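To start, the structure under review is shown below, and the notes come after it.
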C-alpha cells in the first residue's frame, strides 16, 4: 500500500511539472471592449493568443517561427520572420486584457502588448529589452501587421491633442505610419524606407565637430555641422549600416504632432530618437515632414536629425522651418 502511494505521488508531481513547463509559455488574450461582433472578437483573441504563444515557444526553444494554425497575412508573416532573424522576442504576460480599437481600414488593433527583446548577437540593457507592440487585424480577424508601438501615454497624448491635430482620422494615420517607420528600421526593411521617402526628399543630418582652439582663455563648445543628402545617398549609406550591424534598435519618445496651418495634408512630427545597434548608438531630435495627400501611401519630404545634447531646444527643427510647396 505504501509503495502505491509513493508511485501515485511521483506520478502526480510528474504531471504537475509537465503542465507548468508548457503553461509558462502560453499567453491568452481577452478583448474587454471595442469589438461588438462575437465571432470577430473570438477570432482576434484566438489569433493573437496563438501568435504570442508561438513567439514565446520559439524564443524559448531557439527556433524559427511557425505560423501553422494562425490566421495571418502572408506579408505580415514574412515581415515578422525577417524581424525574428535579427531579434527574437517574447511576451512574459500570461494574460493580455486590452480594448479593441477600430482602424481606418475597417479592421481592429490591439495595443500595449509588452514584449522582451532577445537579440541573437550583442547585449542590451533592461531598458532596451522592454518594448510594446501593436497587432492589426482585418475585418475577419486575420493578423495583417505587427509593429513596435508608441507607449500608451504617448498614444493618448497625441489623440487628445486637439489644438495640434484636430482630425481624428489623420491622427490615427500619423501614429500608424510613425510606428511603421520605426519598425522598418528595426526590421532593416529597405523596401519600406525606399517607398516612404519622396524622390526629392530633403535629408539633413547634424554632425558634432570640435571648433579649433585659438584662444586658451576661451572654452570652446562643440559645434554642429549639418550635412544635406539626397534620398539615394542616404538610403545607400543606411543599407551599408544595416549590413554591418547584427541588430538595430530604434525607439521614439517625446512625440509631438502638428498639422500645417493652411495645407491640411501636411504634418510635422517632432520626437526624440534613440538609435542603438551592435556597433553604434546615439540619441537625437528627429523631425519628419509627412505628406498625407495619398492617405494610403504618405510620403516623407523632410527627415532632419540633430544631436540631443548639443542642440538647444530653441534650435530644434519644426514645421515652421520648412517651406511647403503646392
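The values are calculated or read from the model by the stated rules, or taken from the named source; none is laboratory data. Quick caveat, the model's predicted, so the values are computed rather than measured. Cβ atoms come from the backbone with ideal geometry, glycine included; neighbour counts cover every protein chain shown.
Of the residues 290, 305, 247, which single one is more than 30 Å from residue 159 (Cα to Cα) and in the same structural domain as residue 204 (by TED's automatic domain parsing)?
247
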Discussion item. Out of the residues in segment 81-93 meeting the condition of being in contact with a strand residue (DSSP E or B) (Cβ under 7 Å, 6 or more places away or on another chain) and outside any strand (DSSP E or B), tell me which one is modelled with the lowest pLDDT.
Written reply: 87
Worksheet item: Out of curiosity, is residue 270 modelled with pLDDT under 90 and either under 15 Å from residue 178 (Cα atoms) or out of contact with any helix residue (DSSP H, G or I) (no Cβ under 6 Å at 6 or more places or on another chain) (or both)?
Response: no
Worksheet item: surrounded by fewer than 16 Cβ atoms within 10 Å (Cβ to Cβ), closer than 15 Å to residue 186 by Cα and out of contact with any strand residue (DSSP E or B) (no Cβ under 8 Å at 6 or more places or on another chain) - does that describe any residue in segment 254-276?
Response: no
Discussion item. Any residue at all in segment 281-290 that's surrounded by fewer than 20 Cβ atoms within 10 Å (Cβ to Cβ), in contact with a strand residue (DSSP E or B) (Cβ under 9 Å, 6 or more places away or on another chain) and not in a strand (DSSP E or B)?
Written reply: no
Item to complete: Could you tell me whether segment 231-240 includes any residue that is in contact with a helix residue (DSSP H, G or I) (Cβ under 9 Å, 6 or more places away or on another chain), in contact (Cβ under 8 Å) with a residue 40 or more places away in the chain and assigned to a strand (DSSP E or B)?
Response: no
Item to complete: Being at pLDDT 85 or above and more than 15 Å from residue 62 (Cα to Cα) is the filter here, so list the residues in segment 104-123 that pass it.
Response: 106, 107, 108, 109, 110, 111, 112, 113, 114, 115
Item to complete: Looking only at segment 178-189, decide whether some residue is part of a helix (DSSP H, G or I), at pLDDT below 90 and within 17 Å of residue 239 (Cα to Cα).
Response: yes
